[in-house]
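Written out below as structure tokens is the structure these notes cover.
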Amino acid sequence: MAGIYIHVPFCKTRCIYCDFYSNTGNRHSDFMTALHTEIQLRQNYLQQQPIQTIYFGGGTPSQLSIKELQQIFECIYKYFVV
């Protein structure tokens, strides 16, 4: 079963115990550009296996707007079989 994990590195505040990469700044446009490029570059990585799961994790994925989430899903659906 194939899945995609998207690490969203944005947090309102940085927790002192967290070892994951995160950012409290607002660099969403840079992140979205890099994520779209990464999705496109990895389109053959799963060898056309259908995607069963799309998981958002990392900092606080709710920091993304509905428009940004829609753009991510559109990009995934463009390059992967879901």
**Study point:** Near pairs, Cβ below 9 angstrom, 6+ apart or cross-chain, from the range 41-54 (free of Cβ contacts under 8 Å to residues at least 40 places away in the same chain) to any residue that is open to solvent by 60 Å² or more (accessible area, probe 1.4 Å)
**Key:** Q43/K78; Q48/V81
Practice item. Would you mention how many residues in the range 49-65 are open to solvent by 60 Å² or more (accessible area, probe 1.4 Å), modelled with pLDDT of 85 or more and hydroxyl-bearing (S, T, Y)? Key: 2
Check your understanding: From the list E68, E38, which residue is free of Cβ contacts under 8 Å to residues at least 24 places away in the same chain, surrounded by 11 or more Cβ atoms within 10 Å (Cβ to Cβ), in a helix (DSSP H, G or I) and of a type outside the set (V, I, T)?
Key -> E38
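So, L46, is that one touching a strand residue (DSSP E or B) at 6+ places or on another chain (Cβ under 9 Å) and either of a type in the set (G, A, S) or modelled with pLDDT under 90 (or both) or not?
Working: touching a strand residue (DSSP E or B) at 6+ places or on another chain (Cβ under 9 Å): yes; either of a type in the set (G, A, S) or modelled with pLDDT under 90 (or both): yes.
Answer is yes for this residue.
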Exercise for review: Go through the residues of the range 15-34 one by one and say whether even a single one is modelled with pLDDT under 80, more than 16 Å from E74 (Cα to Cα), in contact with a Pro (Cβ under 6 Å, 6 or more places away or on another chain) and surrounded by fewer than 10 Cβ atoms within 10 Å (Cβ to Cβ).
Suggested key: yes
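The values are calculated or read from the model by the stated rules, or taken from the named source; none is laboratory data. All values derive from a computational prediction rather than experimental measurement. FYI the Cβ positions are ideal-geometry reconstructions off the backbone, even for glycines, and counts take in every protein chain you see. Surface accessibility is based on the protein's heavy atoms, side chains included, excluding ligands, DNA and RNA. Shrake-Rupley method; radii C 1.70, N 1.55, O 1.52, S 1.80 Å.
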